[in-house]
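Below is one structure, written out as structure tokens, with a few remarks after it.
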Amino acid sequence: MLYDEWEPVYIQILNDLCIDRTSDEASAKLLKMLTLNSDMKDEDELFSVIGKNVIVVGGNVSINDIKTLMELRSSGRKVISAGSATDVLMTNNIIPDLVVTDLDGDAELQKKASLSGSVTMIHAHGDNPDLIAKHASEFNGPIMITTQSRPDTILCNFGGFTDGDRAVCTARHFGAENIILIGFDLDDPADKQGTDMEMKRKKLQWAKKIIFDMNPDSVTITSL
């Protein structure tokens, strides 16, 4: 997705969730500054990382999903891990091809995935500058950096708002034609201590809209 396509959706999200765009942009500026010396991937290199057939793994992935995931991957599908899904994958010795993260979840396992060869797409938004300050410069593998606001020559924006739908938008942008979702529950999120569940549900409704309602006819999405 190009930014001109994404921006009208982004503005709707800002208004619906009462998000301050300047906070998003300040966080993106911090991320850019802290990763100046990182191993930065460019867009051309990501086509081979993602491929045509993709599994996107969401934060509700369970141990019971692992066997299915490994069987699908054995056929040559690439694996994109969305945020905290990386915790489950890495503890089961599954190294994602791409990790899409706003640094929520176990950042140490995400760094381990980075050292093991995963490309890490680190995202900046107004709620995570503290996590960016703590972790962003410590990813020693290849990275890309993303913003949900206006991109530039270094900061990328392929569309999407939460880790899960941003992973799907990224897969589509880089040519995926068949996407299987594992570990996605966009209708009934589990309660999480310290989380505003009303806000969580609103975010997931936007994720659902971005994944399914904005999906081009050329891309097949299957949810397991």
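The values are calculated or read from the model by the stated rules, or taken from the named source; none is laboratory data. Everything quoted here is computed from the prediction, not taken from an experiment. Here the Cβ positions follow ideal geometry from the backbone for every residue, glycine too, while neighbour counts run over all protein chains shown.
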Checked pairs for region 199-224, first closer than 18 Å to Pro8 by Cβ, second at pLDDT 90 or above and in a strand (DSSP E or B), C-beta under 6 Å and 6 or more apart or across chains, list as Asn215/Ile221
When you scan region 140-159, do you find a residue that is assigned to a helix (DSSP H, G or I) and without any contact (Cβ under 8 Å) to a residue 24 or more places away in the chain, even just one?
no
Hey, does region 14-35 have a residue that's surrounded by 18 or more Cβ atoms within 10 Å (Cβ to Cβ), among the aliphatic types (A, V, I, L, M), within 19 Å of Ala207 (Cβ to Cβ) and touching a Leu at 6+ places or on another chain (Cβ under 7 Å)?
-> no
Within region 162-188, of all residues that are under 10 Å from the mean Cα position of the chain (by Cα) and polar (S, T, N, Q), the one modelled with the lowest pLDDT is Thr162
Filtering region 20-49 down to residues that are charged (D, E, K, R), assigned to a helix (DSSP H, G or I) and within 20 Å of Ala171 (Cβ to Cβ) yields Glu43, Asp44, Glu45
Checking Ile55, Ile63 in turn, the sole residue that is touching a residue at least 12 places away in the same chain (Cβ under 8 Å), surrounded by fewer than 20 Cβ atoms within 10 Å (Cβ to Cβ) and either within 15 Å of the chain's Cα centre (by Cα) or farther than 25 Å from Arg150 by Cβ (or both) turns out to be Ile63
In region 189-209, anything at pLDDT 90 or above, touching a helix residue (DSSP H, G or I) at 6+ places or on another chain (Cβ under 8 Å), hydrophobic (A, V, I, L, M, F, W, C) and farther than 23 Å from Leu72 by Cβ is listed as Trp206
Across (1) polar (S, T, N, Q); (2) in contact with a helix residue (DSSP H, G or I) (Cβ under 9 Å, 6 or more places away or on another chain); (3) outside any loop (DSSP other than H, G, I, E, B), Asn64 clears everything bar (2)
The one condition Asp127 fails out of (1) part of a helix (DSSP H, G or I); (2) surrounded by fewer than 23 Cβ atoms within 10 Å (Cβ to Cβ); (3) among the acidic types (Asp, Glu) is (1)
message: If I filter region 197-212 for residues that are surrounded by fewer than 23 Cβ atoms within 10 Å (Cβ to Cβ), in contact with a Lys or Arg (Cβ under 8 Å, 6 or more places away or on another chain) and part of a helix (DSSP H, G or I), do I get at least one hit?
response: yes
All conditions in (1) part of a strand (DSSP E or B); (2) surrounded by fewer than 22 Cβ atoms within 10 Å (Cβ to Cβ) are true of Val100 except (2)
Expected output for region 170-187 (first residue hydroxyl-bearing (Ser, Thr, Tyr), partner in a loop (DSSP other than H, G, I, E, B), Cβ below 6 Å, 6+ apart or cross-chain) is Thr170/Phe158
Residue pairs within 7 Å by beta carbon, gap of at least six or interchain, first lying in region 85-112 and in contact (Cβ under 8 Å) with a residue 12 or more places away in the chain, second buried (at least 17 other Cβ atoms within 10 Å of the Cβ) and among the basic types (Lys, Arg), listed first then second, are Asp97/Lys78; Val100/Arg166
Within region 103-124, the residues that are closer than 20 Å to Gln148 by Cβ and not in a strand (DSSP E or B) are Leu103, Asp104, Gly105, Ala107, Gln110
